[in-house]
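The values are calculated or read from the model by the stated rules, or taken from the named source; none is laboratory data. Here the structure is a predicted model, which means the values were calculated and not measured. So basically every Cβ, Gly included, is an ideal-geometry build from the backbone, and we count neighbours across all protein chains shown. Remember, those area values only see protein heavy atoms, side chains included, never the ligands or the DNA or RNA. Shrake-Rupley method; radii C 1.70, N 1.55, O 1.52, S 1.80 Å.
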Amino acid sequence: MYPVNNTDANTKELGKDLESIAPLVASVEETPDPIPAEVEGTIPDWINGSLLRNGPAKFEFGETYYNHWFDGMAILHKFKMERGRVTYMSRFLRSDAYKKNSERNRIMVSEIGTVSMDDPCKSIFQRFFACFDMLKPTDNGNVNIVKYKGDYYLCTETNLMHRVNPENLETMEQVDWRKFVAVNTASAHPHYDPDGTSFNVGNSFGMKGAMYNIICIPPEKLDPKDTLKGAKVLCSVSPVNKIQPSYYHSFAMSENYLVLIEQSLKIDLMKLISGFIKSKPLCDAIHWDPKQNTILHLINKHTGEVSPVKYFCKPFANFHQINAFEEDGFLMMDLCCFDDGQLLDIYLLQNLRKSGKALDEVYNRMSIALPRRFVLPLHVTDGTPTEQNLNTRPSSTATCIKTNKNVVFCQHEDLHGDDLAQYGGLEFPHINYEKYNTKPYRYFYGCGFRHLFGDSLLKMDLHDKTFKLWHQKGLFPSEPVFVPLPNAVEEDDGVILTVVLSPSQDKGTFLLVLNAKTFEELGRANVPVNMPYPSHGVFHASA
């Protein structure tokens with residue numbers, strides 16, 4: 001454990017002489033046939049399944065180049081573990097974007113940070129009408145691999161995703177959310193109830209502006225080819241400003257409620273439309289507005305009723321939820337929070353490929369994510385007293401004060417000690433989701449960011465706000481995934497799986513297995529491939 005010290009909890013140590021990570025954002029080839037990994041240490045023989053990991057892996061076509069890390073073509077990686085042995089394979093997602101770009105050997109489909117290149121042979125008249133084609137969303141599902149009705153999908157944050165085969169990683173059919181529910185986008189981070197019911201959030205855009213929509217997907221398949229049949233919009237929530245809705249990457253869910261986080265990171269729809277005509281990328285229309293407080297919208301997940309009470313917080317940016325649960329009439333919501341919304345600009349490829357002092361300067365501009373708890377009182381009425389802290393739980397220092405009719409202002413509690421900032425805060429959080437999602441819990445795991453990508457793994461203990469650390473200089477672990485021990489008794493009985501990369505070594509990639517309880521290394525499985533830094537992943541248990 002690492003003791004609390006007296007440094008400012010919100011002040012990270014500045015980067016100095018940071019190692020170049022350009023190899024972690026370089027294009028790679030796929031490995032469609034499984035290859036054996038060289039195992040060091042021990043891969044527990046009870047782990048019978050695969051770590052599936054998604055992310056961007058091709059950043060140019062011909063003479064055309066992407067501008068942003070989020071733009072790269074999606075690739076699906078698979079580390080299969082069976083009786084202590086490991087194999088690796090990977091395949092590019094055969095999205096329409098990938099196929100069109102490959103056929104023409106140029107960027108033909110716009111992504112969040114890159115506008116598709118016009119054909120130089122087109123006339124001015126043809127180029128004008130080509131602007132309308134850019135309104136068509138990408139299906140480059142490089143953000144996450146998610147599960148609906150037992151099937152796996154690669155998705156981004158548009159209305160299009162692809163079902164994939166977890167065994168051979170082949171791309172199956174494209175699925176359009178709009179054929180089932182009236183949304184134009186959907187987040188890449190759904191939540192799941194124990195019975196398999198899924199929840200997600202999607203935007204819809206119309207003549208009167210934007211709406212947020214809560215989506216519910218039933219767990220049952222109607223037939224083998226069923227994808228999203230039975231999906232419905234549970235409710236719709238109006239943004240404070242319909243032409244400047246908030247950008248969101250995920251949302252929070254407890255046993256009975258969903259929390260939509262309307263943060264201070266805004267999408268300017270007018271700028272978005274004009275940007276398409278002027279050949280500006282989508283990310284140019286996203287801006288940070290520190291004058292706008294964050295608003296939390298509470299929705300009953302069983303009835304779809306939206307609470308008239310709005311919970312306000314100071315401005316923050318959020319990408320990933322840790323957990324949420326209800327206790328003693330309160331909803332505890334744990335998030336990784338940034339104090340500004342500049343992260344999208346930081347992850348331009350031109351920044352990630354810098355070196356020396358220029359790379360240090362990029363890192364030093366980046367704020368860090370810190371784990372925080374917000375406490376929402378669930379039973380606020382006209383008779384609830386104002387101007388006093390409603391959080392009566394002695395174990396929590398978070399405050400929630402009713403300031404007006406149907407208005408509660410929430411001040412967070414830090415879920416960390418003063419030492420976490422030295423390790424760059426924490427992002428890519430993960431818990432024992434199967435048993436502790438929506439329930440009181442003690443542990444969560446994540447990456448520490450003393451670089452632009454994660455350079456350590458952390459295990460946080462909520463009981464005393466201390467952490468355990470795995471770090472080796474020059475190595476960059478990605479999002480940790482918890483896999484429980486069969487017949488586990490305690491919350492942290494199991495292992496942590498992650499993929500670790502080395503930018504200074506050619507073909508320096510390995511699967512890392514840690515004892516989740518002690519955070520000691522059990523084993524690693526080295527594979528002779530180059531792999532770009534991935535985004536998210538899941539553990540797929542073998543039948």
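Brief remarks follow.
- Within the option set ARG94, ARG106, ARG127, being at pLDDT below 95, of a type in the set (Lys, Arg) and outside any strand (DSSP E or B) holds for one residue only, ARG127.
Let's see how each residue does on (1) outside any loop (DSSP other than H, G, I, E, B); (2) in contact (Cβ under 8 Å) with a residue 12 or more places away in the chain:
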site	(1), (2)
TYR152	yes, yes
GLU167	no, no
MET172	yes, no
ARG178	yes, yes
VAL183	no, yes
HIS189	no, yes
ASP195	no, yes
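- Taking residues in the stretch 98-114 that are without any contact (Cβ under 8 Å) to a residue 40 or more places away in the chain, and partners anywhere that are among the acidic types (Asp, Glu), the pairs with Cβ atoms closer than 9 Å and at least 6 places apart or on different chains are VAL109/ASP96; VAL109/ASP139.
- Selection within the stretch 434-481 - more than 30 Å from ASP195 (Cα to Cα) and among the aromatic types (Phe, Trp, Tyr): PHE449, PHE453, PHE467, TRP470, PHE476
- Identity of the residue in the stretch 473-531, at pLDDT 95 or above and of a type in the set (Asp, Glu), that ends up farthest from TYR88 (Cα to Cα): GLU490
- If you go through the stretch 449-472 and keep only what is open to solvent by less than 10 Å² (accessible area, probe 1.4 Å) and of a type in the set (Phe, Trp, Tyr), you end up with PHE453, PHE467.
Condition check ((1) in contact with a helix residue (DSSP H, G or I) (Cβ under 7 Å, 6 or more places away or on another chain); (2) assigned to a strand (DSSP E or B)) across all residues:
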{"residue": "SER367", "(1), (2)": "no, no"}
{"residue": "ARG372", "(1), (2)": "no, yes"}
{"residue": "VAL375", "(1), (2)": "no, yes"}
{"residue": "THR381", "(1), (2)": "no, no"}
{"residue": "THR386", "(1), (2)": "no, no"}
{"residue": "ARG393", "(1), (2)": "no, no"}
{"residue": "LYS402", "(1), (2)": "no, yes"}
{"residue": "PRO429", "(1), (2)": "no, yes"}
{"residue": "LEU452", "(1), (2)": "yes, no"}
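- Entirely in the stretch 497-543, the strands (runs of 3 or more DSSP E) that have 3 or more residues that are open to solvent by less than 30 Å² (accessible area, probe 1.4 Å) and either in contact (Cβ under 8 Å) with a residue 40 or more places away in the chain or touching an Asp or Glu at 6+ places or on another chain (Cβ under 8 Å) (or both): 509-515, 521-527
- Residue among GLY417, GLY446, GLY424 that alone is crowded, with 17+ Cβ neighbours inside 10 Å, closer than 18 Å to GLY537 by Cβ and small (Gly, Ala, Ser): GLY446
- Subset of the stretch 476-495 that is assigned to a loop (DSSP other than H, G, I, E, B) and small (Gly, Ala, Ser) - its residue that is least open to solvent (accessible area, probe 1.4 Å): SER478
- Qualifying residue in the stretch 355-362 (condition: closer than 20 Å to LEU426 by Cα, open to solvent by 10 Å² or more (accessible area, probe 1.4 Å), touching a residue at least 60 places away in the same chain (Cβ under 8 Å) and outside any strand (DSSP E or B)): yes
- Single condition LYS405 does not satisfy, out of (1) touching a residue at least 40 places away in the same chain (Cβ under 8 Å); (2) open to solvent by 10 Å² or more (accessible area, probe 1.4 Å); (3) of a type in the set (D, E, K, R): (1)
Listed here are the residues, each with its yes/no results for (1) open to solvent by less than 60 Å² (accessible area, probe 1.4 Å); (2) touching a His at 6+ places or on another chain (Cβ under 6 Å).
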site: GLU29; (1), (2): no, no
site: SER50; (1), (2): yes, yes
site: ARG53; (1), (2): yes, yes
site: ALA74; (1), (2): yes, no
site: MET81; (1), (2): yes, no
site: SER90; (1), (2): yes, yes
